[in-house]
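*Asks:* The following block contains the structure, expressed as structure tokens.
Here, each number is a calculation from the coordinates, and none is a lab measurement. Predicted model only: the values in this text are computed from it and were never measured. FYI the Cβ positions are ideal-geometry reconstructions off the backbone, even for glycines, and counts take in every protein chain you see.
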Amino acid sequence: MDNIKFDFKNRTAVVTGGAQGFGLDITKRYLKSGAKVIIWDIDHKLTEKVVKDLNNQNLTANTVDISDFKEVKSCVDEIVKTSNIDILINNAGITGPTASLWDYDVEMWKKVLDINLNGTFNCCKAIIPNMIKNNYGRIVNVASVAGKDGNANASAYSAGKAGAIGLTKSLGKELADKNIAVNAVTPAGAKTRILDQMTKEHVQRMLSKVPRGRFLEVEEFTSLVCWLSSEENTFSTAAVFDISGGRSTY
């Protein structure tokens, strides 16, 4: 998968949750393809380690809580003083606890929605004016097959990701008269650290629903995101791209 060539020279990408999992793999592929990448992640120590390990002059990072609009806006204001933001990958997210809705902790419900849905809104709201000014942008919102199908005992996560899909469809239509594409991707379970937040029973239940009979490989996901965020994607917008191994029925 890494051999697939994309050209991101002279492009600047913001990748939220870029210090691990999907976000880190996307970051690495962008760097290989010539992009400048700015990681936004709430884990300061992990972010520092990634920047040090990758040791790439085109990589910078900010410690950002995407659920805080003022924090996001402040970061964007600093970036656009010296650079455009051409690509936004809204990847940061949390699963929240595995619990039935009537037992779900109210504060955790708010936190999951704040990051998975409001965080996506905050980043789009802050960055899009720069894209409009330059009449260029590619936004990929990382949703989940749970946002389409709904996962039992994951109501907050499913609702947040469903919200991100709805946001994508609305925003894509709002920007359709410009060279700005907004799409969502809906992966099934993948081999990332997010699985560690779930019970073994929940993970097995997820896997049992995938006709391919395995979890998504991170590199497979990155290839789809790279195409959607490249100049090659000149027409698709306000769409949902499934990468669930046959699990989704629509």
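*Asks:* Would you work out which of Leu113, Leu216, Ser144 lies farthest towards the positive end of the dipole of region 12-243, given +1 charges on the beta-carbon of Lys and Arg and -1 on that of Asp and Glu, about the Cα centre?
*Replies:* Leu216
*Asks:* Of Leu171, Leu216, how do they rank once you tally other Cβ atoms within 10 Å and put the fewest first?
*Replies:* By the 10 Å Cβ count, ascending, the order reads Leu216, Leu171.
*Asks:* Defining a contact as two alpha carbons under 8 Å apart and six or more residues distant in sequence, what relative contact order in percent does region 8-84 show?
*Replies:* The value is 27 percent.
*Asks:* Take every Cα pair under 8 Å in region 12-243 that's 6+ residues apart, average their separations, divide by the length, and report that relative contact order as a whole percent. Don't jump to the answer; show the numbers that get you there.
*Replies:* Numbers: 430 pairs, mean separation 46.3, N = 232.
It rounds to 20 percent for region 12-243.
*Asks:* Using only the Cα atoms of region 28-121, build the gyration tensor, take square roots of its eigenvalues as a ≥ b ≥ c, and label the shape rounded, prolate or oblate: rounded if a/c is under 1.5, else prolate if a/b is larger than b/c, else oblate.
*Replies:* It comes out prolate by the Cα gyration axes.
*Asks:* What helices does the chain hold that run 20 Å or longer along their axis, going by alpha-carbon atoms, with a Kyte-Doolittle average of 0.0 or more, using DSSP H for the helix calls?
*Replies:* Values: long enough: 119-134 (23 Å, 0.25); 155-174 (28 Å, -0.10).
Both cut-offs are met by 119-134.
*Asks:* For the residues Ser67, Ser208, Ser230, Ser236, what sequence is obtained by ranking on other C-beta atoms within 10 Å, fewest first?
*Replies:* Values: Ser67 20, Ser208 9, Ser230 17, Ser236 13.
With the sparsest Cβ surroundings first, the list reads Ser208, Ser236, Ser230, Ser67.
*Asks:* Another question, then. Kindly provide the helix-only [θ] at 222 nm of the chain, computed as the sum of -39,500 (n - 2.57) over DSSP H runs of four or more divided by all residues, to the nearest 500 deg cm²/dmol?
*Replies:* -12500 deg cm²/dmol
*Asks:* When you take every Cα atom in region 12-243, what is the radius of gyration, and what is Dmax, the widest Cα pair distance, in Å?
*Replies:* Over region 12-243's Cα set, Rg and Dmax evaluate to 16.8, 49 Å.
*Asks:* Of Trp102, Trp109, how do they rank once you tally other Cβ atoms within 10 Å and put the fewest first?
*Replies:* By the 10 Å Cβ count, ascending: Trp102, Trp109.
*Asks:* FRET efficiency for Lys191 and Val51, Cβ-Cβ distance as r, R0 = 25 Å, nearest 0.05?
*Replies:* Computed FRET efficiency for Lys191 and Val51 comes out at 0.60.
*Asks:* Measuring from label point to label point, each 7 Å out along Cα→Cβ, what is the Ala152 to Ser248 span in nm?
*Replies:* So the label points at Ala152 and Ser248 sit 2.3 nm apart.
*Asks:* About the Cα centre, and with charges only on the beta carbon of Lys, Arg (+1) and Asp, Glu (-1), how big is the dipole of region 12-243? Nearest 20 debye, please.
*Replies:* Approximately 280 debye in magnitude.
*Asks:* Loop only per DSSP, at most 11 neighbouring Cβ atoms within 10 Å: give me the trypsin sites (Lys or Arg not before Pro) in region 6-48, ordered by residue number.
*Replies:* The qualifying sites are Lys9.
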